[in-house]
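Here you go, one structure.
The values are calculated or read from the model by the stated rules, or taken from the named source; none is laboratory data. Worth saying up front: this structure is predicted, and the values here are computed from it rather than measured. All Cβ positions, even for glycine, are placed from backbone atoms using ideal geometry, and neighbour counts span all protein chains on display. When the accessible area is computed, the model is the full protein with side chains, heavy atoms only, and any ligands, DNA or RNA have been set aside. Shrake-Rupley method; radii C 1.70, N 1.55, O 1.52, S 1.80 Å.
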Amino acid sequence: MTTKVTVPVQSDFSQELREWIEAFDDVVVDEGPEQGAEILTALRQRAREAGISQSSELTTRYTNTIPRHDEVPYPGDRKLERRIESLIRWNAMAMVHGQNKLDAGIGGHIATYSSLATLLEVGFNHFFHASYGDQPGDLVYFQGHASPGIYARAFLLGRLDEQRVLNFRHELRDTPGLSSYPHPWLMPDFWRFPTVSMGIGPLNAIYQARFMRYLENRSLIEKTPRKIWAFLGDGECDEPETLGALSLGVREHLDNLIFVVNCNLQRLDGPVRGNRRIIDELEGVFRGAGWNVIKVIWGSDWDALFERDHTGLLLKRMEECVDGEYQAFKAKGGAYIRSEFFGKYPELLELVKDMSDDEIFHLHRGGHDATKIYNAYKRAVEHKGGPTVVLAKTVKGYGLGSTQARNAAHQEKKVADDALVDFIRRFDLPIPEENARKGKLYLPPKDAPEMVYMQERRRSLGGYMPKRDVPKTDFRAPGLDTFAEWTSGSRGRAVSTTMGFVSMLRHLMKDEKIGKLMVPIVPDEGRTFGLESAIRQVGIYASEGQKYKPHDVDMLLYYREEKDGQILEEGITEAGSMASFTAAGTGYVNYHVPTIPFFMYYSMFGFQRCGDFMWAFADARGKGFIMAGTAGRTTLMGEGLQHQDGHSHLLMSVIPTCISYDPAYVYEMAVILQDGLRRMYENGEDRFYYITMYNEDYAMPEMPAGVEEGILRGIYRLRPAPGGKPVAQLFGSGTILNEVLRAQEILAEKYGVQADVWSVTSYNELRREALSVERWNRLHPSDAEKTPYIVSVLSKTKGPIIAASDYMKAVPDQLAPWLTTRLVSLGTDGFGRSDNREHLRRHFEVNAESVVTATLSKLARDGKFDVKRAQKAFEELGVDTERGDPTYL
Ligand SMILES: Cc1ncc(C[n+]2csc(CCOP(=O)(O)OP(=O)(O)O)c2C)c(N)n1
Ligand SMILES: [Mg+2]
């Protein structure tokens, strides 16, 4: 079929201009649109050479990107596929509807899936590979709140039985239920990617696609045609995370990445862009970022109208309408569309004069037309050199009668009985009216042609999806002897825990067996952590290698970029780095390669910045190490309020699978790292580690004998009272342990007070253990009481406990239920300041002097020390008793 240029040349053009345009039209008509495009490209190039600057247009006309004459026919059996889709629609709706009838307010969504169904079905039947031979298949991020449709499909395939489906949103019953949204934590055999928090899926998908390339370029996985598909909402595109990393896809030539935006023009409250057109806006954004954009706006039945329209008015009318109007058209019916849309121009009314209102109403949008979608996906899959976005126009609540395209559609959970009956008629389902009214699930017999077809399609694409399977691993963690260099101390040399960590990481990366699995990730902070030597050792990953000669190439530690570089230097994006951490931390399940990510960042810019991604990481059963550098409110000097972190341990404590440590010494860190590798990768525990690292240099002692268990459980006695008979216990963590050790000396030498010093590596873990023991005791009142670890290690100790760290008082306070009135917490509550450590520690009252005076004060209150002497100590040690509380300064 030839292309037609139907729009007449603008009448006020000059004769010369008209001739140019007519010549161009001739080329397009005679030789095709590709030739037309080539002329334009050549002209643009020529203009550039002539120094003519012109802003290029980022949006195209409001029609499908793929013209009808370029389409291939649909390869599937549309009749059967239509039937399958209708069955899924029905069961998804019945599931949500039924559950809300049974349990009012339990929730669920029906309008989103109803807009998405065809977009997914074309994928499930023709594109989503569950495997490529013995290699894992495509990775699909589903719109989270479209989950009912995914469940309904799995139900038809026999993957979920009726009982399970009837337990939608009833996860805490006697029989297994279905989680509201995609949560691998809750359904580990089914869901892979948590997506329902808007923006998380798209950003993770982009970095997933990049990580796949990283693994390929590093020869850790085979190259396959595997794709990352991300389905997202048009409303979701308002999240900065959704669109924030688009340029990465282009920079990295990620032609393994396909976004499908379900442009149903609505979000939760109402239209996404009532006064504009979201598809135009998104086209501009994606095209501007360099993505291949495929618009799927109109269904096949519009093609006939376009062909008959020789006035160009149809397109003109389309481009006049805004989304608020398009929404109303689908909410208000055929007569309304005739009068309000076509009625504006008599020529358009004429165009549809032979169509009934009903036919007009059912003129499809592209996102409900399998042929259009198939062609878009085919092009997306075949596109080379960069990522593709399919912008598909759909109708929210499609087919749901009076709910369709209404602002309230998003939250619609129940459907009127009559609407249920209408639905089965409309979609021609063999469900008795009585069952329809009751919203009963419907499962055709196994040998029904549509059921056989559905199974066959999945078989030919390598199996069911979504599916999550974790292979057995033969991973062996290195023993602690591998870390001997670090457990034996620094022999007097002053080093920081950060330096200690980096040297351990470098050592691990050299390991013959597991070295290649290490994935260091850093958001433009490598130098801060002393990574230069690691950069030289393994290189920074750069998919295009290093196209330039670095200025420092003559230096030993030059900035080395390599196609198979190991370090992911992400630039200044904590969210992007977190997404890389997520991809690498789930490599064990998505690629069957147990990559071990080490995400190093400024601890202040961690959870505080991207907590929701961390939550999703835990949900995804992510593993790995978050190494939070420049930790502490007083150890990072000079940087002040926005940089000094005194609370990240509290924030990380909220994630159930996060094990957090605040080590003071490199040997503690070695023990923790070794155990982490063992637990996560050898034992297969779905945990991840949060470890704070400091940048203060001091001599690292040799590991004392027998402390490993204490390090891992959270506390061990580091230095008993020098003169014996301790009357107080001092707890120290991180760098503040040094202050505590100094306090022990001052107490003994100046005040004759003997105190033990304990290194507390994890208040969070101690609390968790104590809580779980308490719970057991509570549930078993007739059994002998068990003792929490913290209580048992302190059982023979005497006197008050003074706990100091570079974190807020609430961190040690977590142990208050077990330490009761013995506990005095010192911490860094309040905003940070720019100053050096000495002044910062004095300001926050966590220096040795503050620990000493706090000990004496508490002993005095307990009647164990002379009150006047205690008061005098404040003056002697320069601790101001009358200044304001630093928490509020
Ligand atoms: C970060 C975040 N904020 C808010 C929500 C609540 N929410 C769930 S769905 C939704 C509307 C989604 O609209 P859209 O992305 O257009 O998807 P549609 O249902 O229209 O396909 C909102 C606000 C959420 N899930 N995540
Ligand atoms: Mg939407």
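So which trypsin sites (Lys or Arg not before Pro) in the range 351-420 are both in a DSSP loop and have at most 12 other Cβ atoms within 10 Å of their Cβ?
Answer in residue order: K353, K384.
Under a no-solvent Debye model with one identical scatterer per Cα of the range 555-692, what's log10 I(q)/I(0) at q = 0.10, 0.14, 0.16, 0.18 Å⁻¹?
-0.34, -0.67, -0.87, -1.08
Right, here's the next one. From the mean inverse distance of alpha carbon pairs (Kirkwood) and the Cα radius of gyration, derive Rg over Rh for the range 166-320.
1.06
Which entries in K384/K510; K79/K316; K79/K378; K316/K353; K750/K809; K332/K353 show an alpha-carbon gap greater than 24 Å?
K384/K510; K79/K316; K750/K809, as the Cα separations exceed 24 Å there.
A further question on this structure: Report, as a whole number in µm² per second, the diffusion coefficient that Stokes-Einstein gives for the range 344-428 at 10 °C and 1.306 mPa s using the Kirkwood radius over alpha carbon pairs.
The diffusion coefficient I find is 99 µm²/s.
Here is a follow-up. Of the listed pairs K227/K414; K223/K513; K414/K467, which have alpha-carbon separations greater than 26 Å here?
K227/K414; K414/K467
Rolling a 1.4 Å sphere over the protein heavy atoms, what is the accessible area per residue of the chain, to the nearest Å²?
Per residue, the chain has 41 Å² of solvent-accessible surface.
Once you sort the root eigenvalues of the Cα gyration tensor of the range 770-889 as a ≥ b ≥ c, which label holds: rounded (a/c under 1.5), prolate (a/b larger than b/c) or oblate (the other case)?
The shape class here is oblate.
Tell me, what is a quarter of the convex hull surface for the C-alpha atoms of the range 18-85, in nm² with one decimal?
Taking the Cα atoms of the range 18-85, their convex hull projects to 7.5 nm² on average.
Same structure again: Let a ≥ b ≥ c be the square roots of the eigenvalues of the Cα gyration tensor of the chain; is it rounded (a/c under 1.5), or, if not, prolate (a/b larger than b/c) or oblate?
It is prolate, given that a/c is not under 1.5 and a/b is the larger ratio.
Moving on. Sorting check: for 643-651, 707-715, 794-802, which peptide has the highest mean count of neighbouring beta carbons within 10 Å, and how do the rest follow?
In descending order of packing, they fall as 643-651, 707-715, 794-802.
Based on DSSP, what percent of beta bridges with both residues in the chain are antiparallel, to the nearest 5?
Counting only bridges with both partners in the chain, antiparallel ones make up about 15 percent.
Follow-up. In what sequence, highest mean first, do 576-583, 218-225 appear when ranked by Cβ atoms within 10 angstrom?
576-583, 218-225
Something else about it: G629's amide H: which non-local residues (gap 5+, or another chain) put their own amide H closer than 5 Å, with H modeled 1.01 Å from N in plane and none for Pro or chain starts?
Y601, Y602, S603, M693
Are there GluC sites (Glu not before Pro) in the range 604-688 that DSSP puts in a loop and that have at most 16 other Cβ atoms within 10 Å, and which ones?
Hits after loop and neighbour filter: E639, E685.
Another question, then. Report the Stokes-Einstein translational diffusion coefficient (µm² s⁻¹, integer) for the range 486-597, Rh taken as the Kirkwood radius over Cα pairs, at 37 °C with viscosity 0.692 mPa s.
So the translational diffusion coefficient is about 217 µm²/s.
Taking the alpha-carbon distance from K796 and a cut-off under 24 Å, which lysines remain once sequence neighbours fewer than 8 residues away in the same chain are dropped?
K725, K786, K858, K864
To continue, here is another question. Be a star and scan the range 808-832 for residues whose amide nitrogen sits under 12 Å from the point 7 Å along the Cα-to-Cβ vector of N777.
What the label zone holds, given the 12 Å backbone N cut-off, is 817-820.
Right, something else. If amide hydrogens are placed 1.01 Å from N in the peptide plane, which non-local residues have theirs closer than 5 Å to the one on F168?
L178
Using a 7 Å offset from Cα along Cα-Cβ at E222, what residues in the range 569-610 end up with backbone N under 20 Å from the label point?
Taking a point 7 Å out along Cα→Cβ of E222, the residues of the range 569-610 whose backbone N falls under 20 Å are 587-595.
Residue by residue through the range 577-594, what is 3J(HN,Hα) from phi via Karplus (6.51 cos²θ - 1.76 cosθ + 1.60, θ = phi - 60°)? Round to whole Hz and write x for glycine and proline.
Result, ordered by residue: 5, 5, 5, 5, 4, 5, 4, 6, x, 10, x, 4, 9, 7, 10, 6, 10, x Hz.
Separate question: Sorted by packing (mean other beta-carbon atoms within 10 Å per residue), highest first, where do 137-150, 721-734, 473-486 land?
For the peptides 137-150, 721-734, 473-486, the packing ranking is 137-150, 721-734, 473-486.
Work from the charge dipole of the range 406-492 (Cβ charges, +1 for Lys and Arg, -1 for Asp and Glu, about the Cα centre) and give the residue of I424, A484, T473 farthest towards its positive end.
Of the listed residues, the answer is A484.
Follow-up. Among the lysines, select those whose C-alpha is under 19 Å from the C-alpha of K547, and discard any that sit fewer than 8 residues away in the same chain.
Of all the lysines, those that pass the test against K547 - Cα under 19 Å, at least 8 places apart if same chain - are K563.
Which length gain, in nm to one decimal place, applies between D866 and L315 when the Cα-Cα distance is subtracted from 0.36 nm times their residue separation?
Stretched fully, the D866-L315 segment lengthens by 189.2 nm.
Another one. So in the range 564-705, what percent of DSSP beta bridges are antiparallel if you round to the nearest 5?
Just about 5 percent of them are antiparallel.
May I pose another question? Counting other C-beta atoms within 10 Å, and keeping those with at most 15, which DSSP coil chymotrypsin sites (Phe, Trp or Tyr not before Pro) do you find in the range 1-58?
Taking the range 1-58 and a limit of 15 other Cβ atoms within 10 Å, the loop chymotrypsin sites (Phe, Trp or Tyr not before Pro) found are F13.
On to the next question. List every residue whose amide H lies under 5 Å from the amide H of Y559, counting only residues 5 or more places away in sequence or on a different chain, with H placed 1.01 Å from N in the peptide plane.
HN-HN under 5 Å from Y559: D552.
So, with +1 on the Cβ of K and R and -1 on the Cβ of D and E, and no other charges, what is the size of the charge dipole of the chain about its Cα centre, to the nearest 20 debye?
Dipole size: approximately 2260 debye.
Could you work out what % of the accessible surface of the range 641-732 is carbon and sulfur, using a 1.4 angstrom probe and leaving DNA, RNA and ligands out of the count?
With neighbouring chains kept in place, the figure for the range 641-732 is 50 percent.
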